[in-house]
Each structure stands twice: as structure tokens, then as C-alpha cells.
1. Out of (1) within 14 Å of ligand 1 (Cβ to nearest atom); (2) out of contact with any Phe, Trp or Tyr (no Cβ under 6 Å at 6 or more places or on another chain); (3) closer than 20 Å to L107 by Cα, what's the single condition that is false for K80?
2. Scan (1) of a type outside the set (D, E); (2) over 28 Å from L90 (Cα atoms); (3) within 16 Å of ligand 1 (Cβ to nearest atom); (4) surrounded by fewer than 18 Cβ atoms within 10 Å (Cβ to Cβ) for the single condition L24 breaks and write down its number.
3. Return yes or no: is L159 surrounded by 19 or more Cβ atoms within 10 Å (Cβ to Cβ), under 18 Å from D192 (Cα atoms) and at pLDDT 95 or above?
4. Please go through the range 124-133 and pick out each residue that is closer than 27 Å to M44 by Cα and in a helix (DSSP H, G or I).
5. Does I35 count as within 16 Å of ligand 2 (Cβ to nearest atom), of a type in the set (V, I, T) and at pLDDT 95 or above?
6. Only one of (1) under 18 Å from the mean Cα position of the chain (by Cα); (2) more than 19 Å from F143 (Cβ to Cβ); (3) small (G, A, S) is not met by S49, so which one is it?
7. Search the range 47-69 for residues that are surrounded by 14 or more Cβ atoms within 10 Å (Cβ to Cβ) and pair each with any residue that is among the hydroxyl-bearing types (S, T, Y) and assigned to a strand (DSSP E or B) when their beta-carbon atoms are under 8 Å apart and the residues are at least 6 apart or on different chains.
8. Which residues, taken from the range 130-147, are more than 8 Å from ligand 1 (Cβ to nearest atom) and open to solvent by 10 Å² or more (accessible area, probe 1.4 Å)?
Amino acid sequence: MSLKIAPSVLAADFLHLGDDIAMLNAHADIIHLDIMDGTFVPNMSFGFSVVDAVSKIATKPKDVHMMVVNPDKWIERFAKDGVEMLSFHLEAAGRKTSGNLKKIRSLGMKAGLVINPDVPVERLFTYIGKADYFLIMSVFAGFGGQKFIYESLDRIAALKAELVRRGDPALIEVDGGVDLSNAGALREAGADILVAGSTVFKAADPASMIESLRKA
Ligand code: DX5
Ligand code: ZN
């Protein structure tokens, strides 16, 4: 299976967002939307007005990555927006993790569970079978344009091995500092979906950058 590329709208040009979404409709596999609340992470991004607007024209699956406290509060709202993939952080959900995953699935969305680089990857193993994808952060959530943390490769490989051992079909998504220098290694480690913000939107030709990442 070839890599799926999910460009992060956080790095798009918000004054010409329609043009950027049209480009993603033509070239990307998935549209990644980062929701930051200024509390779970020390930054804010955008909210429902932007997700609603993107929903109106997006023809590729929308993948919402919630970086918020109490993610359970927003699951129904994102379902209403027609979001196809919805993820939240294990660190933010705690004991509500299994319930959230169940609720996301019951509303017809793919359920994703995310961890920051300082959370042991084994903590995801409990949720194998309950999630449709696992998102391994390869930077600390909060900002685009950070440097890729190389230890992430071992974490992805460990999760992949456990998924294979259990025969579970969940996908592995990676987010943060993804570029052409690490995309091939990410695929070899077991990643299925690469999120890329700056690498795609700062490229001279974003469409061919998406294609190069996919072939990495
Ligand atoms: C960071 C976000 C990422 C971000 C990635 O907290 O979750 O999705 O947009 O940006 P790059 O690819 O520039 O690291
Ligand atoms: Zn993200």
C-alpha cells in the first residue's frame, strides 16, 4: 500500500484558503485540520467556522486532529460537520479514552488516538481494536514547522509490530516535521499516513511535493 499524504491546513494561506483546498482536492489523499485550544497546547489555531467552510468544498476526507482539553465535548459537533476522521490525545482524554473512541465510531467517523513524543508508545496498546488509526506525534503538538524527532521511527515500528502481531488493521499516521528526508524511513517503519504542513505549503510546487512524499 502506498503512503497516504495528509497536508495540514495549518500551513495554508488563509487569505486564499479556497484555492489551497482546491489544490488538496486535486492532489492530496486526506485533508488534515488542526484544532488547538490554547490550553492543551500553548497555541490556538482555528475553529468551527473554518472547518465548516472547508467542509463545503472538500472532496477528500477531512481528518480533524483535536489538541484540546475535554475532547469528548466536541465529538458530535465534528460529526455534524461531516468530518470523516476524528482524533484526540490520550493525554487529554484519560479515562474517557475508550468511551470517546466508541462514540466517534458510533457517529460514523473513523476514530483516531494521538500521543505526544513523551508518552510511552505501549500506552496505545490497550486501545488496539478500539481505534481505526493511531497518530504518533513526531514533534510536540502545538506548532507547525518544528524539527522531526528521530526517535519517532522506533515508536512507529514498535506500534506496527504490535498491530501485526494482533492482526489489527488500524493505520498509523505521523505528524510533525515530515519531509522528503524522513518520509521513506517513516514508510519503512510502518507509517500509512503522513501529515505534512510546511513541507507541502512552503514548497515551490505543492502538488509535486505531495507526489514526491507519496513515492518516498
Ligand atoms: C502540530 C500539528 C501539525 C502541524 C504539522 O501540532 O499537529 O499537524 O501542522 O506541521 P509541520 O508539517 O510543518 O511540522
Ligand atoms: Zn496535526
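1. In the conditions (1) within 14 Å of ligand 1 (Cβ to nearest atom); (2) out of contact with any Phe, Trp or Tyr (no Cβ under 6 Å at 6 or more places or on another chain); (3) closer than 20 Å to L107 by Cα, K80 misses (1) alone.
2. The failed condition is (4).
3. Judged against the criteria, L159 is a match.
4. Across the range 124-133, the qualifying residue is only L124.
5. yes
6. Only one criterion is unmet by S49, namely (1).
7. D63/S87; V64/S87; H65/S87; M66/S87
8. K130, D132, K147
The values are calculated or read from the model by the stated rules, or taken from the named source; none is laboratory data. Because the structure is predicted, anything quoted here is derived from the model rather than measured. A quick note on method: Cβ atoms are made from the backbone with ideal geometry, for glycine too, and the neighbour counts reach across all protein chains shown. Calculation scope for accessible area: heavy atoms of the full protein, side chains included, ligands and nucleic acids excluded. Shrake-Rupley method; radii C 1.70, N 1.55, O 1.52, S 1.80 Å.
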